[in-house]
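Working notes, structure below.
Quick note: the coordinates plus some simple rules give every number you see, no bench work behind them. Bear in mind the structure is a predicted one, so any value in this text is a computation, not a measurement. Note that we place each Cβ from the backbone using ideal geometry, even for glycine, and neighbour counts take in every protein chain shown.
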């Protein structure tokens, strides 16, 4: 997908299918055009990974305590291993690993107190996975976006939790994904256990974080399909282990992705053209991030690990797409076309449409990577992209 030139028009086009609605915008503000011109000459320095984090979930000790009047609290979750999801490097005594999360408490929320401290009474929880090339934790822009998201969706019964997932190269996908799968099961069980309300979970992530939640969604859908096959059409209200697990699995209500990498191979012919217009990212940068995340990922046939569908969702099997479709999980997405990841984002969006995956998409021509992050700088496109994310939350 070639990035379109800047335009001052405010054209908005929508294309609908039975399951998918794609909104395309072409308008650009003067502020965005100025920022794009200003940062492009220094783009190799804009995104760099100067620090290598230790194994496991990084604790963000110097995180902000509040933004926009939204209070931020830290929580350590001890994620247990399960028989089908062995966790590497676990303590042999406790068989758990730590996962640090950060909850955003909007001022309008009511709180009760449990053993882990303040907890917002909500009907839905947004777990946010921040981008950072699989090698860096949430940036200042991420903390501000999560705080604003918590504030604006609190009236709709939502709360926001930022997940500090393990980072490469010390904790690449082979170590991080099993932990995150076990964590997701744990959170789904907790939502199910609160039988007094219909609690649900939304996974949201940008860039590398978007790739991770897509991977989790396919894994979740295939697990759900397997459970349903084992039930063999029997009444889901039966008090069987499988019936209960089907119900708790269905607490995941949607995923929302922003500019995710969808094919680690980076072989799309249109990437070179997108690279000419990208003011933030480069193909070399995305190649390096993919290499770090796929480190020590072994494939039985000896192929390049970047071609594994778990890491590159555009390569998922027909069976995996069928499981996702049958799960009825909505997949919403947003990306700008002045982004080296955009050509493969487009392929993923088109696959969702072809496979009848429910969801809405916003495609902004000529817009940079993860542009909703610019909402904190009062950039029109950033605010519009952020508002679109809030609408997807309310619809979930």
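Entry note: region 307-352 has Rg to Rh equal to 0.99, where both radii use alpha-carbon atoms and Rh is the Kirkwood radius.
Rounded, prolate or oblate, given the Cα gyration tensor of region 271-363, with a/c below 1.5 counting as rounded? Verdict is oblate for region 271-363. Expressed to the nearest 5 percent, the antiparallel share of DSSP beta bridges inside region 12-395 is 45 percent. What angle, in degrees between 0 and 90 and rounded to the nearest 10, separates the Cα long axis of helix 208-231 from the longest principal axis of the Cα atoms of the chain? That helix lies at roughly 40 degrees to the long axis. Computing FRET efficiency as 1/(1 + (r/R0)^6) for residue 21 and residue 315, where r is the C-beta to C-beta distance and R0 is 30 Å, gives about 0.75. Working note: 222 nm ellipticity from helices only, DSSP H runs with n ≥ 4, each -39,500 (n - 2.57), summed and divided by the residues of the chain, gives -11000 deg cm²/dmol to the nearest 500. Using only alpha carbon pairs under 8 Å that are at least six residues apart, calculate the relative contact order of the chain and give it in whole percent. About 21 percent, as a whole number. Kindly express, to the nearest 10 degrees and within the range 0 to 90, the angle between helix 283-293's C-alpha long axis and the longest C-alpha principal axis of the chain. Its long axis makes an angle of about 10 degrees. For region 313-396, the average shadow cast by the Cα convex hull is 5.7 nm², which is a quarter of the hull's surface.
Please state the shape class of the chain: rounded when a/c is under 1.5, otherwise prolate if a/b exceeds b/c and oblate if not, all from the C-alpha gyration tensor. It comes out rounded by the Cα gyration axes.
In plain terms, the residue of 308, 206 with the fewest other Cβ atoms within 10 Å comes first and the most crowded comes last, giving 308, 206. Each 5 Å bin from zero up to the one holding the largest Cα-Cα distance in region 156-221 carries the following percent of pairs: 4, 14, 25, 26, 17, 9, 4, 2, 0. Sorting 77, 213 from the fewest to the most surrounding beta carbons within 10 angstrom yields 77, 213. Helix 380-395: angle to the longest alpha-carbon principal axis of the chain, degrees 0 to 90, nearest 10? Once rounded, one gets 20 degrees. Neighbour counts of C-beta atoms inside 10 Å place 281, 392, 367, 186 in the sequence 186, 392, 281, 367, starting with the fewest.
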